[in-house]
Amino acid sequence: MPMRVFLQCTPDSIFHRDLLVEDFEDLIKTIQKSHPDPYAFCGKENFYLAEQRALSEIHDSLSLAGFTKVVSKFLNVMQDSHTSLDYGYLQDIQFNDNGYYLPLSVRKIGAGSDFDQIVIGGEWTQGLPKGSTIISINNIPIEDIYDEALNYACIEGNSTIAQSSVAVALIPIVCGLEHSYNRQNTICFIPPGSNEMKVAKVDGIQRKAYSQIRKDKEKAKPSWMPELQLNEELSLAVLKVPTFSPASGRKYAKYLKKAFLDINQKNINNLVIDIRGNGGGSSAWVEFLYSFMDTAGYNTPDNVIGRNSELAMDRNRLFHSGFVQLIVKLFFKHDEDVISYQRISELPIGAVDTVYFNDPTKQKQDYIFKGRSFLLINGLTASAGVDFTHAFKVRQRGEIIGEQCLGPVTGTWGNPALYTMPNTGVRMTIATIRYNYDRTFQYEDAAIEPDHHVANRQEDLQREIDTQLEFIKKLIQKNP
């Protein structure tokens, strides 16, 4: 069947079992050829058992949505958040055939890994009061949607509490997979401070309108730009860093330099680095940000284990261009990040090698903040966000507040390459490197925990108060 047919498939599309099995077996082969160590956390036996379980769940009447769930459950056995379904794809297929999507920002109340309370929060409120408890969406109980979302929520190591936060964030996507959204949808909710359930009719959004809203939001306030807020009464600076993958590195670096210069010139004593929701990016930007907080600078990772493969080559195709290799030799011969990744890209297909990093990024003294600092993290702090959290923790740079982040204490996987199944067109990413914080080569699965576990409070959401930031302000007031 031609691929062009699959580009317009919807979540309820049905494929013949043979095609689904063929896709799944191709995925297994690609992981084994591309991932640096797919058995590191689960072991070969559990990997094999998960593979057999997935094959037993594939049948002729399985919908595309059902197949994606089977695939996701299998991938989660590896405990690698970089090897997971592409959530943008799960959202995108809901727009096919003039379909609708229901953008909605939801948050979890409570800091555990079990279902507690899901409330309206963030920018996509759809007219519902912030802090409202969601009871159901289109008559599907929110508990059931959450349980379904857990099947799709990625995990890194044993970060089960963070995985729960990912599941909550996926609720709007997952709800529309099994039961398509309509032009008008029903949400049952309880407003904050009330015991009475109310019903709201909320319009779904189609692809063109959704894309325009996103475009307008990004134009008004780029989602990748850092943001600095100063509270001179408390001598407090709050620097929000939403990503380590900026659309413009020049503007990103310029903003951070100016921010730290302003903080120091105003003699601010307390600094909060907010990386909640920071899903990662480049280790070079992790080094860059942390270098403003340490006179010795910072070097990360200590080493990377990379496997070269056809998938990795597709991801790093530019490295194989003769012109680019010439540019690297002429202008980047002293840049160990570029040289090291080029070294991995030049390995024979299937070969594995380890490259080491030694040169820290440093800043001029005028830019370095030497006062008291705090770090805000949550379950959506992932990948390079975990790397920054690790640096902050091991260097004992200050107190960490919030929730468990999506990553373990000794390193993460990384450099995810896009993989598309040949028959169904299901998209996902597969990690191509292992990113280590030291040279023990111990793959511990324990997640990085904050020093102070502070969960969202429903009444604070209603009043648009940042619970975790307020906790830090109280720490400062107790000990100025």
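The values are calculated or read from the model by the stated rules, or taken from the named source; none is laboratory data. Predicted, not measured: the structure shown is a model, and the values here were computed from it. Backbone-built Cβ (ideal geometry, glycine too); neighbour counts: all protein chains shown.
Among LEU239, LEU228, which is surrounded by fewer than 20 Cβ atoms within 10 Å (Cβ to Cβ), in contact with a strand residue (DSSP E or B) (Cβ under 7 Å, 6 or more places away or on another chain) and free of Cβ contacts under 8 Å to residues at least 60 places away in the same chain? Reasoning before the result, please.
On the way: LEU239 fails: surrounded by fewer than 20 Cβ atoms within 10 Å (Cβ to Cβ).
Answer to the selection: LEU228.
Just one of (1) modelled with pLDDT under 95; (2) in contact with a Ser or Thr (Cβ under 6 Å, 6 or more places away or on another chain) trips up GLN363, so point out which.
(1)
Quick one: how many residues across the stretch 33-66 are of a type in the set (Phe, Trp, Tyr) and in a loop (DSSP other than H, G, I, E, B)? Break it down into steps so the answer makes sense when it comes.
First, the residues of the stretch 33-66 that are of a type in the set (Phe, Trp, Tyr): 39, 41, 47-48.
Now narrow it down to the ones that are in a loop (DSSP other than H, G, I, E, B): 39, 41.
The number of residues fulfilling the criteria is 2.
Here's a check for you: in the stretch 125-147, which residue that is β-branched (Val, Ile, Thr) and assigned to a strand (DSSP E or B) is surrounded by the fewest Cβ atoms within 10 Å (Cβ to Cβ)? Walk me through it before giving the result.
So the first thing to find is which residues in the stretch 125-147 are β-branched (Val, Ile, Thr), and the list is 125, 133-135, 137, 140, 142, 145.
Right, trim to assigned to a strand (DSSP E or B) and you get 133-135, 137, 140.
On the way: THR133: 18, ILE134: 21, ILE135: 17, ILE137: 26, ILE140: 14.
The selected residue is ILE140.
Go through the stretch 225-263 and report how many residues are among the polar types (S, T, N, Q) and under 18 Å from GLY385 (Cα atoms). Give the steps one after another, and end with the answer.
Taking the stretch 225-263 first, the residues among the polar types (S, T, N, Q) are 229, 231, 235, 243, 245, 248.
From what's left, under 18 Å from GLY385 (Cα atoms): 243, 245.
Of the residues in that region, 2 qualify.
I'd like to check something: does the stretch 433-454 contain any residue that is surrounded by fewer than 22 Cβ atoms within 10 Å (Cβ to Cβ), touching a strand residue (DSSP E or B) at 6+ places or on another chain (Cβ under 9 Å) and among the β-branched types (Val, Ile, Thr)?
Among the residues of the stretch 433-454, at least one is surrounded by fewer than 22 Cβ atoms within 10 Å (Cβ to Cβ), touching a strand residue (DSSP E or B) at 6+ places or on another chain (Cβ under 9 Å) and among the β-branched types (Val, Ile, Thr), which makes the answer yes.
Residue by residue through the stretch 146-180, note down the ones that are of a type in the set (S, T, N, Q) and within 15 Å of the chain's Cα centre (by Cα).
We begin by selecting, within the stretch 146-180, every residue of a type in the set (S, T, N, Q); these are 151, 158-160, 163-165, 180.
Within the stretch 146-180, SER159, THR160, GLN163, SER164, SER165 meet the criteria.
If LEU104 meets every condition in (1) surrounded by fewer than 16 Cβ atoms within 10 Å (Cβ to Cβ); (2) out of contact with any Lys or Arg (no Cβ under 6 Å at 6 or more places or on another chain) apart from one, which number is that one?
Failed condition: (1).
Here is a list of conditions, (1) at pLDDT 95 or above; (2) within 18 Å of LYS108 (Cα to Cα), and ASN456 meets all of them except one; can you say which number that is?
Exception for ASN456: condition (1).
Quick check on LEU461: is it more than 22 Å from VAL286 (Cβ to Cβ), in contact with a Gly (Cβ under 6 Å, 6 or more places away or on another chain) and touching a residue at least 24 places away in the same chain (Cβ under 8 Å)? Working first, answer last.
On the way: more than 22 Å from VAL286 (Cβ to Cβ): yes; in contact with a Gly (Cβ under 6 Å, 6 or more places away or on another chain): yes; touching a residue at least 24 places away in the same chain (Cβ under 8 Å): yes.
Here the answer is yes, as LEU461 does meet what is asked.
Out of all the residues in the stretch 60-116, which are of a type in the set (Lys, Arg) and at pLDDT below 95? Quick ask: steps written out before the conclusion?
At the first step, the residues of the stretch 60-116 found to be of a type in the set (Lys, Arg) are 69, 73, 107-108.
Residues satisfying the conditions are ARG107, LYS108.
Considering only helices (runs of 4 or more DSSP H) fully contained in the stretch 377-480, which possess at least 1 residues that are in contact with a helix residue (DSSP H, G or I) (Cβ under 6 Å, 6 or more places away or on another chain) and not hydroxyl-bearing (Ser, Thr, Tyr)? Reasoning before the result, please.
On the way: elements: 384-394, 458-462, 467-478.
Counting at least 1 such residues, we get 384-394, 458-462.
Being among the polar types (S, T, N, Q) and over 30 Å from CYS42 (Cα atoms) is the filter; apply it to the stretch 441-458 and report the residue that is farthest from the chain's Cα centre (by Cα).
Pass one, the stretch 441-458, residues among the polar types (S, T, N, Q): 442, 456, 458.
With over 30 Å from CYS42 (Cα atoms) added as a condition, the list becomes 456, 458.
On the way: ASN456: 19, GLN458: 24 Å.
Looking at residues that are among the polar types (S, T, N, Q) and over 30 Å from CYS42 (Cα atoms), I get GLN458.
Counting only residues that are among the hydrophobic types (A, V, I, L, M, F, W, C), give me the strands (runs of 3 or more DSSP E) lying completely in the stretch 197-304 with at least 3 of them.
Values: elements: 198-203, 227-231, 236-240, 270-274.
So the answer is 198-203, 236-240, 270-274.
The rows are residues; the columns are (1) of a type in the set (Asp, Glu); (2) touching an Asp or Glu at 6+ places or on another chain (Cβ under 9 Å); (3) buried (at least 20 other Cβ atoms within 10 Å of the Cβ).
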position: SER159; (1), (2), (3): no, yes, yes
position: VAL168; (1), (2), (3): no, no, yes
position: VAL174; (1), (2), (3): no, yes, yes
position: THR186; (1), (2), (3): no, no, no
position: SER211; (1), (2), (3): no, no, no
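For the stretch 371-397, what are the residues that are more than 28 Å from ASP37 (Cα to Cα) and touching a residue at least 40 places away in the same chain (Cβ under 8 Å)? Don't jump to the end; show me each part of the working.
Keep residues of the stretch 371-397 that are more than 28 Å from ASP37 (Cα to Cα), which gives 371-376, 395-397.
Result: GLY371, ARG372, SER373, PHE374, LEU375, LEU376, ARG395, ARG397.
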